Structures are given as structure tokens and as C-alpha cells.
Amino acid sequence: MAWIAIILFVSIFVLILYGYPVAFTLGGLAVLYALCFLDPVSFNALPSRVMGVMSNYVLIAVPLFIFMGIMLEKSGLAENLLETMAMMFGRFPGGLAISVVIVGAMLAASTGIVGATVITMGLISLPTMLKRGYTPELATGVIASSGTLGQIIPPSIVLVLLGSVLNVSVGDLFAAALLPGLFLVMGYVLFIIMRALWWPEHAPPMPREELDAFRQKGIGKTLFIAFLLPFLLITAVLGSIFAGIASPTEAAAVGAMGAIILTLIQGRLDKATLAAVCRETTFLTSMVFLILVGATTFSMVFREMGGDRFLVDAVLNANLSPYVFLILVMVVVFIAGFFIDFIEIVFIIVPVVAPIFEQLGMNLIWIGVLFALNLQTSFLTPPFGFSLFYLKGVAPPQVTTLHLYRGIVPFVLLQALLLGVAVSFPKLVLWLPGWLAR
């Protein structure tokens, strides 16, 4: 029976690579295998198992965070942040690129919606960077990689889903992911500074006339609107979680309400905007939960057939050290990210390997952050990196796909380097959750 479970797993992977819909492939194929190979008692338990997962209180945070991100995208927050940061750092070589990274980090901490962030920054920053003499590779690489910071910097939808799959505290995952996310931002900034110092022609500063004109408009009010309001929202959401005042689900509700208030302050809240935000939220939430239903079905059938026990025994009998197995899984996830979406990896691969990590005595909070760091690369790696698709869709005609592919290489290497550091030094990940728990 265990071999049938492995065949089920491989079959699902093959069908997804052929382009079949993920949710229906996961659920449909699992149900067919269950009908053929499971006893009626196990099969009849399937609906209650699915409903048990769907009624998980933590998962309510998913639509709330999605609503928060889309509402903030409609508020014009990103535009104000980008324009202000560009003027603040524009006088330095590489200043425009640094401003994009910092804005990407702030948007990650307040929205977490990768597609919206990449498209917004691509529309606003890419033409400006190209006009100022930035190479297409550096400009596109900075924008695409900065837009994916929402995968690791909390509040992150990926971390919510990983918390549900690994059955660990989402609040602890948020705390554990914060320092690696900030280190990644610093890595991006250091790379840009070094490149601008080594090749100044790749990232020239902005003309002084533009900077002087910006300062004459009244920099104080601009800074207040652009920085203080989103900073207050970030503090309300993450601060309430880390202080133990609110659960991630409650903090997501605070964030959704805060996003509405920010949009109202910006003068962009109307009936049409609210309807558009609700429509997009419903669409994205339905997609996530439909995949979740299919993944839950697959996970139960896989375990009922003994697939998890087979893999645990195989790893233990192979005498693989925990670190060797971890590196093997990270390599598989990295390669899978070239071909399938992060949600599919979370719901297909993670439930299969999680019992093995638990059996090996590894900290699942640490494992969850390692997965999140690894999954971030799936947005950047060709041929199916979604950030590349988003950015190519809004890029000027002179920016080619080859520019995009070449541009993201150093940033993927930086992500891989940070992943290696996080694997080698677990305290980098686990220090903040431990400190908050004291």
C-alpha cells in the first residue's frame, strides 16, 4: 500500500507539470486512489477531515491579509513611498535602487501581496531607473527581488499557510522570520552599494535640480504621509502579535481595518474601490482554499496508505543525518520552484516531509522559516517565476526577457546564501521567538 502512496505522489507531480489544475489534480486523483485502495471507513472519514481543516481559526487570517494588501495597493501608498524614498536616496549612486528595496520591505510588512508590489514598483520605478541610466538588468533584478520580500517578511501569507501545514504557531513563525527578512534586505542594499561603487555608470545618482525641487515642496508633510501612516499600520499588526495582545488572525483584522482607514485618509476610498478590493480578495482566497481542500484530501489519503511511515522508515534506515536530509529537501524544493507555484509546494511537499523532520527531532519553527526563504526563490527562477511574468507585463518594450533572467541571478544567489546561513546558524531564526517567549 505504501508503494501506491508514492505512485500517487509522483502521479500528481507529473500531471501538474503537464498543466492540469492543481486543486482538481490534488483532490481528484487522491479521491480516485482512495476509492480504489482504501477501505470504506477511511474513505468516509474524508469529508470530516476536510471540514476540520477548513474550520481552522488561523486560516481566517488569509483572506484578511489579502484584503489588507489589495486595499493598500489601491490606496496609493506604494506610489507615495517610492517617490519619497527616491528623492531621499537619489543623490547617492545606486540611491534609486536602494529606495526600491526599502519600499519593497515596507510594502512586504504592510501588504505581502507579491504581484501587486512588483507591478506597482515596475510601473513607477522601472521607467525612472531606465531614464536615469540604470542598466536594465540591475533595474529589473532590484524590482523583481524586492517585490518578493513579502514572502518572508511578516505578515506573510506563506507563513500563515506553513503554520497551518506544520501545525505550529503562526505568531512564532512571524517572529522567527523577521530577522532573516531584515538581513535579506540589508544584503540587497549592500550588493547595490558595492555594484554602484564598482560600476558607477550602472546606477548613477539623480540630477540635483530634481532633488532641490522636491525639497521646496515641503518635505515634512510628504514624509509624514509616506512613512508615518504605513509605519503605524505595521506596528499595529506585528506589534500586537509580538506583544501577545492579539493572535495573528485578530491582528489581520486590525490590519484590514487599518488599510481601509489609510485608504480613506488618502482620499481613495469609494464604492468602486471597495467593490474591486472585495472581488479580488474573494478570487485569491477562493483559489488558495480550493487548493487547500485538494491538498487536505491528498494528505489524508497519502497517510492512510502509509506513505508517510514509508518515507520516515526509508530516511531512518538510510542512516541519513538530519542535516543531510534537510539539505536534500531544500534542494528538491528549490528545483521544484522552477516549475510549480509556492502554494503547490506548501501543500504537496511540506505535508509529506514534515513528519520526517518531526521524527528527526528538528525544530519545526526553524524548518518553516527555511521553507519560506527557499520558496521566495520560486518567484524569481525561470521559466515560471511569477515576479518575472508580472514585471515583463508592465516593462517597456526595450526590456527583454533575457534582461530579466540575467538581472535576478545575483539576488537569487543572495537568497541562497542567506538560506545557507539560516541552515548553519539556527539561532539566527530562533532567537527572537525565544526572547519574546521569556
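Nothing in this text is a laboratory measurement; each read-out follows from the coordinates by a stated rule. Source: prediction; values computed, not measured. Here the Cβ is made from the backbone with ideal geometry for all residues, glycine too, and neighbour counts use every protein chain on show.
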Total charge dipole magnitude, the range 2-437, about the Cα centre, Cβ charges on Lys, Arg, Asp, Glu only, Debye to nearest 20
780 debye
Hey, what do the phi angles of the range 254-263 turn into as Karplus ³J(HN,Hα) couplings, whole Hz, using 6.51/-1.76/1.60 and θ = phi - 60°, x for Gly and Pro?
4, x, 4, 5, x, 5, 4, 5, 4, 5
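Starting from the Cα-Cα distance between Val41 and Thr401, subtract it from 0.36 nm times their residue separation and give me the gain in nm to one decimal. Working shown, then result.
On the way: separation 360, 0.36 × 360 = 129.60 nm, distance 5.25 nm.
Here the answer is 124.4 nm.
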Between Ser286 and Glu358, with labels modelled 7 Å along Cα→Cβ, what's the label distance in nm to one decimal, could you check?
3.3 nm
Given a Förster distance of 22 angstrom, what is the FRET efficiency for Trp435 paired with Leu232, based on the Cβ-Cβ distance and rounded to 0.05?
0.40
Out of Tyr188, Ala109, Leu161 - ranked by how far each Cα lies towards the positive end of the dipole of the range 63-197, with unit charges on the beta-carbon of charged residues - the top one is Tyr188
When the chain is treated as a GNM, springs tying every alpha-carbon pair under 10 Å, which of Ser247, Ser42, Ser169 comes out with the largest mean-square fluctuation?
Ser42
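From the convex hull of the Cα coordinates of the range 46-105, what is the mean projected area in square nanometres? Don't skip to the answer; put the middle values down first.
Values: hull surface 23.1 nm².
Result: a mean projected hull area of 5.8 nm².
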Using the beta-carbon distance between Phe338 and Lys131 and R0 = 30 Å, what value does 1/(1 + (r/R0)^6) give for FRET efficiency, to the nearest 0.05?
0.35
Diffusion constant of the range 322-407 at 10 °C, which comes from Stokes-Einstein with the Kirkwood Cα-pair radius and 1.306 mPa s, µm²/s:
113 µm²/s
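Within 10 Å, count the other beta carbons around each residue, average over each peptide in 118-130, 181-193, 275-287, and list them highest first. Mind dumping the intermediate values first?
Working: 118-130: 21.8, 181-193: 19.4, 275-287: 15.3.
Final packing ranking: 118-130, 181-193, 275-287.
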Roughly what would the spin-label model give for Arg268 and Ile7, points 7 Å off Cα along C-beta, in nm?
5.4 nm
Give me the distance in nm between label points sitting 7 Å out from Cα along the Cα-to-Cβ direction at Cys278 and Tyr57, one decimal.
2.7 nm
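With the cut-off at 28 Å, tell me which of the pairs Lys131/Lys271; Lys74/Lys427; Lys74/Lys131 have Cα atoms farther apart than that.
Values: Lys131/Lys271 37 Å; Lys74/Lys427 38 Å; Lys74/Lys131 26 Å.
Flagged as over cut-off: Lys131/Lys271; Lys74/Lys427.
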Computed over the chain, the relative contact order (Cα-Cα under 8 Å, seq sep at least six) in percent reads 28 percent
For the range 410-418, take each phi angle, set θ = phi - 60°, evaluate the Karplus expression 6.51 cos²θ - 1.76 cosθ + 1.60, and give the result in whole Hz per residue in order, putting x for glycine and proline.
x, 6, 5, 5, 5, 5, 5, 5, 5
Farthest towards the positive end of the dipole of the chain, among Met121, Gly368, Leu149 and with Cβ unit charges of +1 on Lys and Arg and -1 on Asp and Glu, lies the Cα of Met121
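Once every DSSP H run of n ≥ 4 in the chain is given -39500 (n - 2.57) and the sum is divided by its residues, what mean residue ellipticity at 222 nm do you get, rounded to the nearest 500 deg cm²/dmol? Mind dumping the intermediate values first?
Numbers: 23 runs with 332 residues, N = 438.
After summing the helix terms and dividing by residue count, I get -24500 deg cm²/dmol.
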